[in-house]
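These notes concern the structure reproduced below.
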Amino acid sequence: MTFESCLLKWKNIHLGRKWFDCAECHAEQEDHPLLQSFDMTFICKKCKKAFRKNTKEWEESDEYCPNCDNHFVIDAVTPKAALKVESGDTRVDARMIKDERVRQSNQQSIFDIKGGTERLG
């Protein structure tokens, strides 16, 4: 075990600073309930500093980082329904794309009997 891993383990045990992705993850690993709090901890992506905001009294100025004034709240946009064809990278496999500039060979249908009269008898 390295010194860094021992130190990290000691910090987590003695200081209780564990981070969980969601309340369900916390409930699976811990034996005590979560305390309800309206303070949320944020980390600014621009200046990488952590800060807390009270979400009970949210104002428009709370959408900005107090250290660098970066606007970290992005307005939600409802996605529009669209029909799309999913495919791989067309630069690798371009079989899905039909190029109208290239002359296509005459494709024969099962109902088209050109040249098939000698087979019918």
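The values are calculated or read from the model by the stated rules, or taken from the named source; none is laboratory data. Model, not experiment: these values are computed from the prediction. With ideal geometry, Cβ positions are generated from the backbone for all residues, glycine too; neighbour counts draw on all protein chains shown.
Just to be sure, is Lys98 modelled with pLDDT of 75 or more and assigned to a loop (DSSP other than H, G, I, E, B)?
So Lys98 does not fit the description; no.
Name the one entry in Lys114, Lys80 that is surrounded by fewer than 10 Cβ atoms within 10 Å (Cβ to Cβ), farther than 30 Å from Lys18 by Cα and modelled with pLDDT under 85.
Matching residue, one of Lys114, Lys80: Lys114.
Quick one: count up the residues across the stretch 44-59 that are without any contact (Cβ under 8 Å) to a residue 24 or more places away in the chain and either assigned by TED's automatic domain parsing to the domain that holds Ala23 or surrounded by fewer than 12 Cβ atoms within 10 Å (Cβ to Cβ) (or both).
7
Looking only at the stretch 26-43, which residues are assigned to a loop (DSSP other than H, G, I, E, B) and surrounded by 11 or more Cβ atoms within 10 Å (Cβ to Cβ)?
Glu30, Ser37
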